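What follows is one structure encoded as structure tokens, with my remarks underneath.
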Amino acid sequence: MEQRVGTPTFSSSSTSHGTIKVGYTVTHGWEHTTALTKQQLSLITFLSTSCGRTTNLKKANRNKANLGHEVINSPLDPQLSNFDRHALMNNPLMVVQDAPNFHAWYSIIDATLTHEADERYCSYAYKLTKLCSSCDSLLTKICNGCRIVSVIVSIHDSIEKRGETLGNDCQRLMREIEYLCQFAKATMSKLVFFDEIDNVTGSLSKSNLLVDTSPMDESSLVDFIHLLEHLDACIEFIGEHQQYAGGNSYSLKLQQIRGRALASIRFRFIELLNEIKVSVAKSSMKVQKKHGVQNPEVVPKKGIEEFGTGFKTPDEQVTSTFYVKYATFSQDLKSLVVEIEKRTQKAEYKLLIKDCHNLYCEERSKLLSGIVRQKMHEIAAKAAQDVQSLTRTGITYLMDLAVAEIELFNKIFAMNQHREALVPLMDSLGGIVYDIFRPIYISIGN
């Protein structure tokens, strides 16, 4: 409660005691009806003291002008606020002569204080209302922010779950891709055998140069053998997977290609035998010329197949020419035979090596028939009519010839795998001996 402004004064001393009595009565009733603050009680005490002074009216009038100064300079209640002190010192003095004046004065003071309090409280209320509205606005924004944050969190959780699901799907797809790649590689590794017909055919046409050149090129032989290995692998794979579409037709085509390749090998084998025969013929011609043969060209005139008929040299020279040099000239033939023998577990190669054996025996028979026939005639001439000497000498020569042929055969072929390969050759040479000895035996018997 603000301090009341203004200080009441009294105009006459005759009514002093009555006024004091009325003041005490009003004050006493007021104290029971209205609760006063300490500042208000201090002002009332000050008023009672001023009214109780027993001075005359003149002295009161004289002191009237100084009453405000005394009130101002009099000690006030230390609990009064600065606002109350300022109001007591600055407001003009109001003379209170009776109770109505006092009540009027009090009403003015009370209305003023009430108005000031209302203005202050209205200001507080306005500020509080504004602050509340600001707080409400902030709370609304905070609630909206929290709502947005919760939405973002839910979206983040959803994205995280979807990302985890997507990661799992990606890993699964990667595993499936890896599996499909492996499956595709395995499939391609199998299907590549079906796509090799054109490649093998082209390579075979290039490799045919192998069988048309002399001497044999080692790199060409290696390439040709590698082609045969690849061709055999294709045929073997397709044979193991006949359930594949078109497997039978592919197998037949590849077998035809392999047949062409084996025919090329057979042709090359014959060419090598002819080359060896020509080389041996040239060597024998040099030997005949060295030993005084007048017409060394007799060999080519009679033909290479019978050039041994006119061979007039010792047995050592025959061995050197027809065995040692023949083995030397057969190195290219041996390299080709070794590769064929590696594959004799297959029926086609087994048949090919058997055919090579027959060709070899045929060529050796042509090469040796003249020498054997000439030697048998010499033995028959020396033995005259001695059948035992003729038989013993002829059979011994034939056995020595068989041993030499076996040794030569072992240098070219694997004899332990083909023990009966020289039977055609020995039958042919034995037939020559039989044809020469039979007439002699008949003539002696008669």
Exercise for review: May I ask you to compute the full-extension gain from Leu138 to His226, defined as 0.36 nm times their residue separation minus their alpha-carbon distance, rounded to one decimal in nm?
Suggested key: 22.8 nm
Practice item. Using R₀ = 25 Å, calculate the FRET efficiency as 1/(1 + (r/R₀)^6) where r is the Cβ-Cβ separation of Ser443 and Met399; round to 0.05. Key: 0.50
Check your understanding: So what are the ³J(HN,Hα) numbers for the range 356-361, from phi and the Karplus equation (6.51, -1.76, 1.60; θ = phi - 60°), rounded to whole Hz, Gly and Pro as x?
Key -> 5, 4, 5, 5, 4, 4
Check your understanding: Near Gln345, within a Cβ-to-Cβ distance under 12 Å, what is the net charge of the other residues, with Lys and Arg +1 and Asp and Glu -1?
Key -> 0
Exercise for review: Quick one: which residues, 5+ away or cross-chain, put their amide H under 5 Å from the amide H of Tyr244? H built at 1.01 Å from N.
Suggested key: none
Check your understanding: All other residues with a Cβ under 15 Å from the Cβ of Tyr441 taken together, and with Lys, Arg as +1 and Asp, Glu as -1, what is their net charge?
Key -> 0
Practice item. Set the Förster radius R0 to 22 Å, insert the Cβ-Cβ distance between Leu41 and Glu119 as r into 1/(1 + (r/R0)^6), and round the FRET efficiency to 0.05. Key: 0.30
Practice item. Estimate the FRET efficiency between Asp435 and Ile270 by the formula 1/(1 + (r/R0)^6), using the beta-carbon distance for r and 35 Å for R0, to the nearest 0.05. Key: 0.80
Study note, to complete from the structure: Surpassing 28 Å at the alpha-carbon level, of the pairs Lys354/Lys411; Lys350/Lys375; Lys253/Lys354; Lys253/Lys366; Lys185/Lys342; Lys354/Lys382, are Lys350/Lys375; Lys253/Lys366; Lys185/Lys342; Lys354/Lys382
Review point. Residues with beta-carbon under 10 Å from that of Phe413, excluding Phe413: net charge, scoring Lys, Arg +1 and Asp, Glu -1?
Key: +1
Study note, to complete from the structure: For the range 258-273, Karplus-derived ³J(HN,Hα) couplings (6.51, -1.76, 1.60; θ = phi - 60°; whole Hz; x for glycine and proline) come out as 5, x, 5, 5, 5, 5, 5, 5, 4, 4, 5, 4, 5, 4, 5, 4
Practice item. Could you pull out which residues in the range 229-262 have an amide N less than 18 Å from a spot 7 Å beyond the Cα of Lys354, following the Cα-Cβ vector? Key: 259, 262
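Just so you know, all these numbers are worked out from the coordinates, no wet-lab data involved. In this text the structure is predicted, and so the values were computed from the model without any measurement. Positions of Cβ are backbone-derived with ideal geometry, glycine not excepted, and every protein chain shown enters the neighbour counts.
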